[in-house]
Amino acid sequence: MVLVAVFGVALLVAVLLSGLAARTVLSTSLLFLISGALVSDGFLGLIHITPDSEIVSVTADLALFAVLFTDGMHVSFPKLRENWKNPARALGLGMPLAFLGMALITHYLVGLDWATSFLVGAVLAPTDPVFASAIVGRKEVPAKLRQLLNVESGINDGLALPLVLILIAAAGPTTGHADASLTKIGLELGLGLALGVLLPLFVTGLVRFRLLGSEPKLQPLLPLATGIILYGLCHLTHANPYLAAFSAGAVLTAASPEAKSAFEPLGEALAELAKFAALLVFGALLTPQLFGDLSLGGYAAVILAIVLIRPASLLLSLIGTRFDRREKLVAAWFGPKGFASVVYGLLVLQSGIPQGQEAYTLIAVCIATSIIAHSSTDVPIARLFHVEDLTGIPAERDQEEATTPHSKETGHARA
């Protein structure tokens, strides 16, 4: 109950400060991270959570699923067909370059063996723009830039998982997920994609039956029920839940735009709650001992991962595109490590590989540093695109437009 009470207090403070956070470098994500750290064994000792506690893996898994489900709803297939090349570049070239770059600095600066170094690279390759929401959630930011970051983050989680599982198996004697073969991993990904496509189509098909349908106040619960069923089916069948969540959100939006509109406010709120809960629990793992266990080479690797590896890899992948210099730099910077890396890092720790603890320490510190760096710089950098609607109040130049009914694209609340 202490954890519940702490979450409630942190949530209240976050809501009260959200207006200020939308205009400054203050980050509500950082607030939950710090709150978790303060009440953990490393400081006040009010709660006792270890990396192998079930609450850690469950909250991170639920948060990642919820965020990807709502992220998928922001994907427009017509726009994606017109602008597929940029996300394809980021995923097909930028992500492998980041993976290789992180593996190299991990091996040479931290001293981990090659298999474990490549494993760290795979865990930290996925990005999570939920911690840069002023970029991906603001209509004033160029649509092609928001689409690049959103699609990249939604797909790269699922792409990284097979590699993570294979490298865990290669890194040494393991348990749990380490026995996964290439065939098994392929089946999990394929089944996740199939469930993510077929279930929303089935549900939207049911709604079209004359005798079926929901009253207006219950309409937001239809996508929610779909997501809950999908989550349960994925875990019962061992399908990839992250690929399923993102594809389901996208398919549901394409098949039933009205369902997306009805669910969007509720979905965004639930995703935020799941994210905050996961951040609070993850923060409880960030003890002084964890930071003390990381070597100087490890800290150098963390800094390079954030300021060099991700930016350089994405800039190289965007050579020859129509992004201007400012857009390329913003896209290159906003490659935060998020819930996918948390979940995969826990798999590494629980796998029993010889250097699993060292790898997890590096991964955890890198995620924490990334959350701090990216969630506190999204608003200032968004202002470079003349983003004035940071608190939900239309800018003066949009006042006339705001007086007429129109649809407005929304994104995550300020992280």
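Within segment 310-333, residues that are closer than 18 Å to GLY121 by Cβ have Cβ atoms under 6 Å from residues that are in a helix (DSSP H, G or I) and open to solvent by 70 Å² or more (accessible area, probe 1.4 Å) in these pairs: SER317/ARG89; SER317/LEU93, counting only partners at least 6 apart in sequence or on another chain.
Pairing each residue of segment 167-192 that is at pLDDT 80 or above with any residue that is surrounded by 16 or more Cβ atoms within 10 Å (Cβ to Cβ) and among the aromatic types (Phe, Trp, Tyr), provided the two are 6+ apart or on different chains, yields C-beta distances under 9 Å for LEU167/PHE118; ALA170/PHE118; ALA171/PHE118; GLY192/TYR242. Can you find a residue in segment 240-254 that is over 19 Å from VAL151 (Cα atoms) and either of a type in the set (Phe, Trp, Tyr) or without any contact (Cβ under 8 Å) to a residue 40 or more places away in the chain (or both)? No - not one qualifying residue is present in segment 240-254. Hey, among the residues in segment 1-52 that are free of Cβ contacts under 8 Å to residues at least 60 places away in the same chain and within 22 Å of the chain's Cα centre (by Cα), which one's farthest from PRO288 (Cα to Cα)? The residue in question is VAL15. Of everything in segment 89-122 that is free of Cβ contacts under 8 Å to residues at least 40 places away in the same chain and under 16 Å from SER295 (Cα atoms), the residue that is least open to solvent (accessible area, probe 1.4 Å) is SER117.
Do any helices (runs of 4 or more DSSP H) entirely within segment 238-300 hold 3 or more residues that are out of contact with any Pro (no Cβ under 8 Å at 6 or more places or on another chain), under 30 Å from GLN355 (Cβ atoms) and open to solvent by less than 10 Å² (accessible area, probe 1.4 Å), and if so, which?
Values: elements: 241-255, 257-284, 288-293.
So the answer is 257-284.
Within segment 51-88, the set of residues being farther than 29 Å from LEU145 by Cβ, open to solvent by less than 60 Å² (accessible area, probe 1.4 Å) and outside any helix (DSSP H, G or I) comprises PRO51, SER53.
A quick yes/no check of all residues on (1) in a helix (DSSP H, G or I); (2) open to solvent by 10 Å² or more (accessible area, probe 1.4 Å):
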position: THR321; (1), (2): no, yes
position: ARG326; (1), (2): yes, yes
position: LEU329; (1), (2): yes, yes
position: GLY335; (1), (2): no, no
position: VAL343; (1), (2): yes, yes
position: LEU347; (1), (2): yes, yes
position: GLN350; (1), (2): yes, yes
position: ALA359; (1), (2): yes, no
position: ALA364; (1), (2): yes, no
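The values are calculated or read from the model by the stated rules, or taken from the named source; none is laboratory data. Note that this is a predicted model, so its numbers are computed, not measured. Cβ sites come from the backbone with ideal geometry, for glycine too, and all protein chains shown count toward neighbours. Remember, those area values only see protein heavy atoms, side chains included, never the ligands or the DNA or RNA. Shrake-Rupley method; radii C 1.70, N 1.55, O 1.52, S 1.80 Å.
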